[in-house]
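Note sheet for the following structure.
The values are calculated or read from the model by the stated rules, or taken from the named source; none is laboratory data. Source: prediction; values computed, not measured. FYI the Cβ positions are ideal-geometry reconstructions off the backbone, even for glycines, and counts take in every protein chain you see.
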Amino acid sequence: MARTTRGKRRPRAPRERTAPQQREPPGLQAFTADFFALAGCPAQAGDGSLSVDLTPELADLFGRPSLRLAFQAGDRLDPDAQLIQPGSVLLEKMAAYLRQRVGVGLADVPAAVPAEAVIPPEITFACEAELGRVDVQPEEFVTFNFRISYVCDEKNEEILPVAVDSEGQWVEDTELLARLAAAPPAEGPVETSRRALGALHAGAEARARRHAEQSATRFEQETLPRLHREISRLRAFYQAQIHELDPQDERDQDLRDRYERELRLRTEEEILNHRMTVSLSLVNFRVVRVPRARYRVRLERPHARRTHVFERDLATGTLIRPGCEACGTSLTAADLCAGGHLVCPGCVRACALCGRAECAACGVALCERCGRSVCAECRVTCAVCENVVCREHSGACPVCSRPACDACLRECALCHSPQCATHLAACAVCGRLACAACRETCSECGAACCAEHAGTCERCGRVFCTAHLEACESCGARRCSGHLETCSECGRRLCEAHARSCGGCGSPVCEAHVGRCGVCGAEACSVCGPVCAITEVRLCPEHAVVCGVCAETVASTHAATCAVCGTAVCARHAAECEACGRVACERHRSECRMCGAILCGTCGGAGVCGACREADAGEGVPLADVQSIPGLPDAWRAAVARATWRRLPRRERVVYYGSRLFRLLLIVTDTEGRFAEIREFSLMDTHTAGRGW
């Protein structure tokens, strides 16, 4: 598509901004009429305009003999009409003339009533009142007129009068303000000092600035819509110009940058033009003197005396009622309290003890105990609860001497001494209050306890409460918990004299549950000191042995150690080898198959003891000796008579070997030589057992 070549474009200028609609500020026409009236050339009012024939002085000021004044742009039908608006040349000349001619004014409000030498009848006095001197002296009020200008895209101005009294208080009473404004001018010097006027001006100026800030905020809110319209118009114009540019053309890119820069500068310019600027200046001030009569009245009561000055406005005859110095209400009836305060009768309270009348400003208070009013001399502030009480319901703590109410003064439950609550403490056991002399502090828990529920450990001498102090259940001696032992068997609490210590585990036990070892005599508890299963006596851990066969505990004197496996066994399950004399347990011993002798594992490996294998080496024995063995059964005597006998002594017995044809007899006797056992073997058995008979 063919591209149309365009020449260098220039933006159309935005249409002229419409000036903000001029409106007449409130009171501007009235201000202008008053200005010319006071200058001696009253203005003639027309349709929204004023016509003035000027004095020679004003003619020189304005440069013409007469003026036709308009206050709105639409009223300027006559080409000679002058427009008066905030910031106009005519208004500025009028303000300069006022500053030069009437910078300071003086006025007097005339008196309407005389100053009579009587006590003001408007106030009824409940105390003795006597009139003193009556002085008539004017009070000065100063009205400062400030000119405030608000400039943004349009200009607004106002004249703000601020009236203050001689103390700098702002006057708000509309009736008084009207009288001050209507006061006729007076002659004479201003008696107020320059320093006092400076202080009054500073306060009035601060008031005017606060008013200006509030008004400026209102004007700024009115300016914002206009600023928004101007910025929107500029943006719409420049955006339309930018929209017509070709984004592919380098020349149009330069124009785009220029349009954007111009838009930014024009926007900043509009924002600056709509920024609010406030200026405040003093146009003039006026001192108005209002006649006042001051009555010095001496007031007296039994406990106080005072002279108070009452003031009456002689311009209206109104008495300026003072406020109650206790509640602030205007006084119609007055009384004098003992503190010298002028108060209304409702604020005066008589002390219930001494009759002294005081008000709330004096600090009159009610007793927290009885509810009666008490004065400063008859009341006491409790040092504990800080409540106010009368002297009848208070006392002094004998410990710290501080005053306290009777609610905070409590008696010690033991010595009955009254003391403040800070020096009493509740017993942790019984809850009764006890003083420092009648209470103790438990060394264990730190709790306070009275003397009746505290005691001393007879071992360490420290003081404990009854919860941590016990009696020995054997002798009744009082001990602390650290010096009492608990029997591990029955749980009884015992002192050191009646508690025993187990020799094995060290646990404390009582005398009833401690035993002595049957071997060494050491004390032992039932856990560490078992009973011997053979002798049934208590054993200590050192001399108690557990049998490896039956698992019963026996004394070390009734136990032995197997020579083969090293297992401890009791006497009932241990036996000595008749061959070597060593001890063997049941698992590691056997019996000789011929004579029944007990053999250890080492000696009984062949099944026959060594003595039976070597019986032919035994001592020959006559038949008569064998037949004379006590207890020999008669049934065996015939067999015994047919055998040849040999004798072989053992450790605790004697074995007789008798041989006959194809047979072998064995007779075993005990240690006393009595018959114990007889056995008979065939020669085949003896060969099997290793006996070469």
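Rundown of residues vs (1) touching a Cys at 6+ places or on another chain (Cβ under 8 Å); (2) touching a residue at least 24 places away in the same chain (Cβ under 8 Å); (3) of a type in the set (Gly, Ala, Ser), yes/no style:
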site: 358; (1), (2), (3): yes, no, no
site: 371; (1), (2), (3): no, no, yes
site: 375; (1), (2), (3): yes, yes, no
site: 384; (1), (2), (3): yes, yes, no
site: 392; (1), (2), (3): yes, yes, no
site: 417; (1), (2), (3): yes, no, yes
site: 434; (1), (2), (3): yes, no, yes
site: 446; (1), (2), (3): no, no, yes
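Taken together, the residues in the stretch 484-498 that are under 13 Å from residue 459 (Cβ atoms), modelled with pLDDT of 70 or more and part of a loop (DSSP other than H, G, I, E, B) amount to 2. Against the numbered list (1) in a loop (DSSP other than H, G, I, E, B); (2) surrounded by 15 or more Cβ atoms within 10 Å (Cβ to Cβ), residue 400 comes up short only at (2). The single condition from (1) among the acidic types (Asp, Glu); (2) more than 30 Å from residue 125 (Cβ to Cβ); (3) more than 33 Å from the chain's Cα centre (by Cα) that residue 386 fails is (3).
Quick check: anything in the stretch 540-558 at pLDDT 75 or above, farther than 30 Å from residue 653 by Cα, charged (D, E, K, R) and not in a loop (DSSP other than H, G, I, E, B)? Within the stretch 540-558 (the criterion being at pLDDT 75 or above, farther than 30 Å from residue 653 by Cα, charged (D, E, K, R) and not in a loop (DSSP other than H, G, I, E, B)), the answer is no, since none of the residues qualifies.
Yes/no per residue for (1) small (Gly, Ala, Ser); (2) under 30 Å from residue 276 (Cα atoms):
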| position | (1), (2) |
| --- | --- |
| 162 | no, yes |
| 179 | no, no |
| 199 | yes, yes |
| 214 | no, yes |
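It is to be established whether one or more residues within the stretch 149-171 are assigned to a helix (DSSP H, G or I) and either among the basic types (Lys, Arg) or modelled with pLDDT of 90 or more (or both). Within the stretch 149-171, none of the residues are assigned to a helix (DSSP H, G or I) and either among the basic types (Lys, Arg) or modelled with pLDDT of 90 or more (or both). Taking residue 380 as the residue in question, decide whether it is out of contact with any helix residue (DSSP H, G or I) (no Cβ under 7 Å at 6 or more places or on another chain), modelled with pLDDT of 80 or more and not in a helix (DSSP H, G or I). In short, no.
Would you confirm, using the coordinates I've provided, whether residue 340 is touching a strand residue (DSSP E or B) at 6+ places or on another chain (Cβ under 9 Å), without any contact (Cβ under 8 Å) to a residue 60 or more places away in the chain and at positive phi? Considered against the rule, which asks whether it is touching a strand residue (DSSP E or B) at 6+ places or on another chain (Cβ under 9 Å), without any contact (Cβ under 8 Å) to a residue 60 or more places away in the chain and at positive phi, residue 340 comes out as yes. The residue that is nearest to the chain's Cα centre (by Cα), counting only those in the stretch 181-195 that are in contact (Cβ under 8 Å) with a residue 12 or more places away in the chain and not in a loop (DSSP other than H, G, I, E, B), is 181. The requirement of being more than 20 Å from residue 597 (Cβ to Cβ), touching a Ser or Thr at 6+ places or on another chain (Cβ under 7 Å) and without any contact (Cβ under 8 Å) to a residue 40 or more places away in the chain is fulfilled nowhere in the stretch 620-642; no residue meets it. When the stretch 411-434 is filtered for residues that are aliphatic (A, V, I, L, M) and touching a helix residue (DSSP H, G or I) at 6+ places or on another chain (Cβ under 9 Å), the ones remaining, listed by number, are 413, 414, 424, 425, 428, 429, 433, 434.
Residue 413 meets the stated requirement of being small (Gly, Ala, Ser), part of a loop (DSSP other than H, G, I, E, B) and in contact with a Lys or Arg (Cβ under 8 Å, 6 or more places away or on another chain).
Scanning the stretch 91-102 finds no residues that are touching a Gly at 6+ places or on another chain (Cβ under 6 Å), modelled with pLDDT of 65 or more and of a type in the set (S, T, N, Q).
Hey, can you tell me all the residues within the stretch 334-367 that are assigned to a loop (DSSP other than H, G, I, E, B), under 42 Å from the mean Cα position of the chain (by Cα) and buried (at least 17 other Cβ atoms within 10 Å of the Cβ)? Steps first, please.
To start, the set of residues in the stretch 334-367 that are assigned to a loop (DSSP other than H, G, I, E, B) comprises 337-341, 344, 348, 351-356, 359, 363-364, 367.
Next, only the ones that are under 42 Å from the mean Cα position of the chain (by Cα) stay: 359, 363-364, 367.
Listed by number, the residues that qualify are 359, 364, 367.
Comparison of 386, 440, 392 shows that the only residue that is modelled with pLDDT under 75 and either on the phi > 0 side of the Ramachandran plot or buried (at least 17 other Cβ atoms within 10 Å of the Cβ) (or both) is 386. Residue check: is residue 145 of a type in the set (S, T, N, Q), crowded, with 18+ Cβ neighbours inside 10 Å and in contact with a helix residue (DSSP H, G or I) (Cβ under 8 Å, 6 or more places away or on another chain)? So residue 145 does not fit the description; no.
Let's see how each residue does on (1) at pLDDT below 80; (2) outside the structural domain of residue 550 (by TED's automatic domain parsing); (3) closer than 30 Å to residue 547 by Cα:
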| position | (1), (2), (3) |
| --- | --- |
| 606 | yes, yes, yes |
| 612 | yes, yes, no |
| 632 | no, yes, no |
| 651 | yes, yes, yes |
| 654 | no, yes, no |
| 663 | no, yes, no |
| 666 | no, yes, no |
| 669 | no, yes, no |
| 683 | yes, yes, no |
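Residue 162 falls short on exactly one of the conditions (1) touching a residue at least 60 places away in the same chain (Cβ under 8 Å); (2) in contact with a Ser or Thr (Cβ under 9 Å, 6 or more places away or on another chain); (3) buried (at least 17 other Cβ atoms within 10 Å of the Cβ), and that condition is (1). Selection over the stretch 15-56 of residues that are modelled with pLDDT of 80 or more and among the polar types (S, T, N, Q) gives a count of 6.
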